[in-house]
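The values are calculated or read from the model by the stated rules, or taken from the named source; none is laboratory data. Only a predicted model underlies this, so the values are computations on that prediction, with no experimental measurement involved. Cβ sites come from the backbone with ideal geometry, for glycine too, and all protein chains shown count toward neighbours. Surface accessibility is based on the protein's heavy atoms, side chains included, excluding ligands, DNA and RNA. Shrake-Rupley method; radii C 1.70, N 1.55, O 1.52, S 1.80 Å.
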Amino acid sequence: MKQYEKPECHYVRNIDGLDSDKIAKLSEDELAEYLKNGSDTKENKKYRIKPGFILREIAGEYTIIPVDAESLISNAMMVPNDSAVFLWKAFEQPSTIEDVVRKGLEEYDVTEEVIRRSTEKFVEESLEYKILEEVD
């Protein structure tokens, strides 16, 4: 019996304008390449921590301090756990989700599915709170 997984569906915009009939006729390899090269796919987007936040280590504990007046988080500090600090540091430089997943697999004894879900959730929530920004 299979293990149940939460249903997910990922949408990719058809930026090259191929019509549905042409896409349906692509071989599996051609389709994979077509989707991989689409510049608007989640895998190709790069993100970085916005300059309005500072990660500080104080007495062995990390704290994230918002210093930008435009931040949605004001008069507060965030106290991340070790995994969140890893993700934060990974996105201090422009990185794709794939880049961070690979780094996470090297850093932690965890399945790819777990690190991917955690990274995607971190990106989603950080974009919502305007902590991360999409970069070219």
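Could you figure out which of (1) over 21 Å from Val135 (Cα atoms); (2) at pLDDT 85 or above; (3) in contact with a strand residue (DSSP E or B) (Cβ under 9 Å, 6 or more places away or on another chain) isn't true of Val114?
With respect to (1) over 21 Å from Val135 (Cα atoms); (2) at pLDDT 85 or above; (3) in contact with a strand residue (DSSP E or B) (Cβ under 9 Å, 6 or more places away or on another chain), Val114 is out only on (3).
Just the residues that are open to solvent by 100 Å² or more (accessible area, probe 1.4 Å), at pLDDT below 80, charged (D, E, K, R) and farther than 18 Å from Glu134 by Cα, please, taken from the stretch 26-85.
Lys36 - this is the single residue of the stretch 26-85 that is open to solvent by 100 Å² or more (accessible area, probe 1.4 Å), at pLDDT below 80, charged (D, E, K, R) and farther than 18 Å from Glu134 by Cα.
Can you tell me how many residues within the stretch 86-110 are open to solvent by 30 Å² or more (accessible area, probe 1.4 Å) and either modelled with pLDDT under 90 or within 18 Å of Glu128 (Cα to Cα) (or both)?
Taking the stretch 86-110 first, the residues open to solvent by 30 Å² or more (accessible area, probe 1.4 Å) are 86, 89, 92-94, 98-99, 102-103, 105-110.
Right, trim to either modelled with pLDDT under 90 or within 18 Å of Glu128 (Cα to Cα) (or both) and you get 92, 94.
The total comes to 2.
Kindly list, by first and then second residue, each pair from a residue in the stretch 107-136 that is in contact (Cβ under 8 Å) with a residue 12 or more places away in the chain to a residue that is in a helix (DSSP H, G or I) and open to solvent by 40 Å² or more (accessible area, probe 1.4 Å), limited to pairs with Cβ atoms under 7 Å and residues at least 6 apart or on different chains.
So the pair list comes out as Ile115/Leu105; Ser118/Ser83.
Condition first: over 14 Å from Lys45 (Cα atoms) and open to solvent by less than 30 Å² (accessible area, probe 1.4 Å). Now tell me which residues in the stretch 111-120 satisfy that.
Within the stretch 111-120, the subset over 14 Å from Lys45 (Cα atoms) is 111-118.
The one that is over 14 Å from Lys45 (Cα atoms) and open to solvent by less than 30 Å² (accessible area, probe 1.4 Å): Ile115.
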